[in-house]
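Scroll down for the structure; my scribbles are underneath it.
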Amino acid sequence: MFATAVPSLAVIGARVAGCALAARMRRLGWQGPISLWESGRGPGGRASTRRSRHDAHVRLDHGAPLLSISSSPAPAVLAPLLDGGWIEPWGGGLAQLDAGGQLITGSTDPLTHGDLYRGRGGMDQLCHGLLELAGSDVELHSQCLVRDLAPTAHGGWELLDQQQQRLGAADWLVLSGSLLVHPRCRTMLGWPEPPLQPLARTLGDPQLERAAAGSAAIDSSPRCALLLLIPPAASWWPTPAQLWPGSIPM
Ligand SMILES: Cc1cc2nc3c(=O)[nH]c(=O)nc-3n(C[C@H](O)[C@H](O)[C@H](O)COP(=O)(O)OP(=O)(O)OC[C@H]3O[C@@H](n4cnc5c(N)ncnc54)[C@H](O)[C@@H]3O)c2cc1C
């Protein structure tokens, strides 16, 4: 039994997974309020593009540079994203840097198979487009870290901040990131335990316990990502025209 007639949904994480979920739920007819809670500055996250404050032409992808669709038929969300101008087909080339520093044209990475698209103006446009499809009544709470969760008397969830103050509540909760359930929060944030673990134990819900244990078991180790800007005039690497004769890569 929910607190309200129309159940509400809170999604933790407003990046590709969280935004796609919100868009999909609307498409499936979810009528209730949807709120997204994101510790980062805005939607996009590891699939976003950083812009330089000093030079409008300088853009660096923070994570995934392309969206690759290999399923057939393509997901229903693809056409409205294209029609809305949020994404566009990728017409440029692909190249890989091998361990010896050689730039190799083409890609053997299975993630680049299928039809390739890119956010128009930056990869985070994909998430902005998904949020647009989810509707104007979606509440986005950026720069908002959910530190803890508490079950409510009505079977819903309260979202709490670092001071255990209530940020919001919802009947249904989806975690699109694993922070609240993965032991890396101990080393990353100094938390004594992933917050969902004790809850899963006390709620006595075997499905939740299994999901929490499965997420906690995901191997995780820190990685450094080098965002490298290659000047177009660099003589030690081939120019775009040499790499992709006849095409104009971005
Ligand atoms: C350098 C780099 C290159 C990459 N290249 C590729 C590539 O070529 N191809 C590819 O497919 N993928 C690539 N990736 C990976 C890809 O970007 C990610 O897998 C994808 O963006 C993950 O999306 P997601 O929504 O599942 O998760 P995330 O982007 O991790 O989103 C989860 C979000 O939840 C938020 N969150 C979690 N817990 C809380 C909380 N308690 N309170 C508030 N917010 C919370 C986090 O802040 C995060 O923003 C790359 C990643 C990096 C870093």
Worksheet item: Quick check, is residue 74 farther than 23 Å from residue 225 by Cβ, touching a strand residue (DSSP E or B) at 6+ places or on another chain (Cβ under 9 Å) and more than 16 Å from the ligand (Cβ to nearest atom)?
Response: yes
Discussion item. Within region 2-29, take every residue that is under 14 Å from residue 141 (Cα atoms) and not small (Gly, Ala, Ser) and give me the one that is farthest from the ligand (Cβ to nearest atom).
Written reply: 9
Item to complete: Those residues that are among the aliphatic types (A, V, I, L, M) and in contact with a helix residue (DSSP H, G or I) (Cβ under 7 Å, 6 or more places away or on another chain), I need them from region 28-65; list them, please.
Response: 34, 36, 47
Worksheet item: Is it fair to say residue 206 is in contact (Cβ under 8 Å) with a residue 24 or more places away in the chain and farther than 30 Å from residue 101 by Cα?
Response: no
Practice prompt. Would you mind listing the helices (runs of 4 or more DSSP H) fully within region 129-228 where at least 2 residues are surrounded by fewer than 11 Cβ atoms within 10 Å (Cβ to Cβ), near the ligand (Cβ under 10 Å from one of its atoms) and under 22 Å from the mean Cα position of the chain (by Cα)?
Written response: none
Worksheet item: Across region 30-68, what is the total count of residues that are away from the ligand (no atom under 16 Å from the Cβ), acidic (Asp, Glu) and touching a residue at least 24 places away in the same chain (Cβ under 8 Å)?
Response: 0
Worksheet item: For region 98-113, does any single residue satisfy the condition of being crowded, with 18+ Cβ neighbours inside 10 Å and either modelled with pLDDT of 85 or more or out of contact with any Lys or Arg (no Cβ under 6 Å at 6 or more places or on another chain) (or both)?
Response: no
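The values are calculated or read from the model by the stated rules, or taken from the named source; none is laboratory data. Quick caveat: nothing in here was measured; it's all calculated off a predicted structure. Neighbour counts run over all protein chains shown; Cβ positions are idealised from the backbone, glycine included.
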